[in-house]
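The values are calculated or read from the model by the stated rules, or taken from the named source; none is laboratory data. Here the structure is a predicted model, which means the values were calculated and not measured. Cβ sites come from the backbone with ideal geometry, for glycine too, and all protein chains shown count toward neighbours.
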Ligand code: PGA
């Protein structure tokens, strides 16, 4: 069975209480979605909500992911959160290299590879975001890391063209076919299990079509994951 992955990236759109209430109010719907054996649902709230949401969802099949992590294991890095803390509070996934972190936090390809190494060390599955402009260069550092890692360590690549994030415009199916074929060929050269996701303006109207594209194993959803009806519609229609 081809399992589909759905990542809800809530960015910094909700306050602490709003995020907790969102989960509490919709826990039944979230857990029904996550219980389906052909779907994996990963909720990615802000750092402050990770632990309470991890507790709230502990007896469901929902997975919890962070939106970033420090490239260092521990030490004098004011304002950073390490991968071991994420593992301790029940995060099984972590987004890294999001175009917003690259733009606003000046995250580089080298940082992304270091963050990936920190996550691997804790057995957390990285959701590595890429946009077209950096596909080739980013893979150099990442693949070097993969050759030194446990070949069983899973990773996820999320292709998120900047022009599609929050704009309502998705690339053409033809373009996506080409990109995902290329990504699949690059990743296949390494033994580590991987999944390929598409992200950027995913909506109930385009989700099922996106998931018919060969090698797309799931979706990274921003805005549409903040409304339970659109989120459920995306997961159910897919
Ligand atoms: P969007 O965001 O679905 O709101 O376009 C996706 C993302 O940035 O992860």
Inset, instruction - Using the structure shown, decide if residue 216 is assigned to a loop (DSSP other than H, G, I, E, B) and either within 15 Å of the ligand (Cβ to nearest atom) or crowded, with 17+ Cβ neighbours inside 10 Å (or both). - result: yes
Legend entry - Elements of type helices (runs of 4 or more DSSP H) contained in segment 67-140, each with 3 or more residues being within 16 Å of the ligand (Cβ to nearest atom): 99-104
Inset, instruction - Go through the residues of segment 143-154 one by one and say whether even a single one is within 16 Å of the ligand (Cβ to nearest atom), touching a strand residue (DSSP E or B) at 6+ places or on another chain (Cβ under 8 Å), closer than 30 Å to residue 230 by Cα and in contact (Cβ under 8 Å) with a residue 24 or more places away in the chain. - result: no
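Sort out which residues of segment 1-37 are outside any helix (DSSP H, G or I), loosely packed, with under 14 Cβ neighbours inside 10 Å and modelled with pLDDT of 95 or more, and write them in order of number.
Residues satisfying the conditions are 12, 15.
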Inset, instruction - Return the residue satisfying two criteria in turn: it lies in segment 191-204 and is more than 15 Å from residue 215 (Cβ to Cβ) and away from the ligand (no atom under 16 Å from the Cβ), and of such residues it is modelled with the lowest pLDDT. - result: 191
Inset, instruction - Tally the residues that are in a helix (DSSP H, G or I) and either modelled with pLDDT of 85 or more or surrounded by fewer than 13 Cβ atoms within 10 Å (Cβ to Cβ) (or both), restricting the search to segment 146-182. - result: 15
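Yes or no, residue by residue, for (1) out of contact with any helix residue (DSSP H, G or I) (no Cβ under 7 Å at 6 or more places or on another chain); (2) within 21 Å of residue 217 (Cα to Cα); (3) at pLDDT below 95:
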position: 98; (1), (2), (3): yes, yes, no
position: 110; (1), (2), (3): no, no, yes
position: 122; (1), (2), (3): no, no, no
position: 127; (1), (2), (3): yes, yes, no
Inset, instruction - Under 6 Å between Cβ atoms, at least 6 apart or on separate chains: pull out the pairs that start in segment 156-172 with a residue that is under 15 Å from residue 196 (Cβ atoms) and end on any residue that is within 9 Å of the ligand (Cβ to nearest atom). - result: 158/129; 158/199; 158/220; 160/129; 160/199; 160/200; 161/200
